[in-house]
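In what follows, a structure is listed as structure tokens, so that the remarks can point back to it.
Bear in mind these aren't lab numbers, they're just calculated from the coordinates by the rules spelled out. This one's a predicted model, so the numbers in the text were calculated from it and none came from an experiment. Here the Cβ is made from the backbone with ideal geometry for all residues, glycine too, and neighbour counts use every protein chain on show.
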Amino acid sequence: MLILTQGATSENIILTLNEFKTLASPVYTFTAIHVVTKEVISFDLGTDLSAYPDRFNEFNINTSVEFLDASTGQYQYQVKQKADNIQVEVGKLTLNPSTEFAFDGYSPTTTYNGYNG
């Protein structure tokens, strides 16, 4: 599962794309679909930053750009080779809000009436 924070300027994700790739040096397209709203976000992944690309692939994502107006929550994602549209990975993604929700509490005025009888 990938976990991203909305508004972060630089986050690295780790994927395993080499198992199903069919091209020598493909360009990958990352597509995420929100589970509830069905909102679709799609962009090309940049340069593979991995020191061991045969084992895993590492990409840097600017979520403040790619997920600019996206809804926070759960997404299903897929990664495809751009040239031949072959799917090489699927998974789940969580997009967290940029600030944590702070519950201030609810403090109503409580009055009690006592009955004698």
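General observations
- Any hit, the stretch 95-105, residues being free of Cβ contacts under 8 Å to residues at least 24 places away in the same chain, surrounded by 11 or more Cβ atoms within 10 Å (Cβ to Cβ) and either within 25 Å of ASP44 (Cβ to Cβ) or not hydroxyl-bearing (Ser, Thr, Tyr) (or both): no
- In the stretch 32-90, residue surrounded by the most Cβ atoms within 10 Å (Cβ to Cβ) [restricted to those that are in contact with a Pro (Cβ under 9 Å, 6 or more places away or on another chain) and assigned to a loop (DSSP other than H, G, I, E, B)]: THR72
- If you filter the stretch 91-117 down to residues that are of a type outside the set (S, T, N, Q) and part of a strand (DSSP E or B), you find that the one that is nearest to TYR28 (Cα to Cα) is GLY91.
- Those residues of the stretch 19-54 which are under 24 Å from LEU95 (Cα atoms) and among the polar types (S, T, N, Q), in sequence order: THR29, THR31, THR37, SER42, THR47, SER50
- Note on the stretch 8-31: residues that are surrounded by 14 or more Cβ atoms within 10 Å (Cβ to Cβ) and touching a helix residue (DSSP H, G or I) at 6+ places or on another chain (Cβ under 9 Å) amount to 3.
- Matching residues in the stretch 1-13 - criterion: being within 13 Å of TYR77 (Cβ to Cβ) and assigned to a strand (DSSP E or B): LEU2, ILE3, LEU4, ILE13
- Inter-residue pairs, beta-carbon under 9 Å, first within 16 Å of ILE14 (Cα to Cα) and in the stretch 75-88, second assigned to a strand (DSSP E or B) and of a type in the set (Asp, Glu), 6+ apart: TYR77/GLU89; GLN78/GLU89; VAL79/GLU89; LYS80/GLU89
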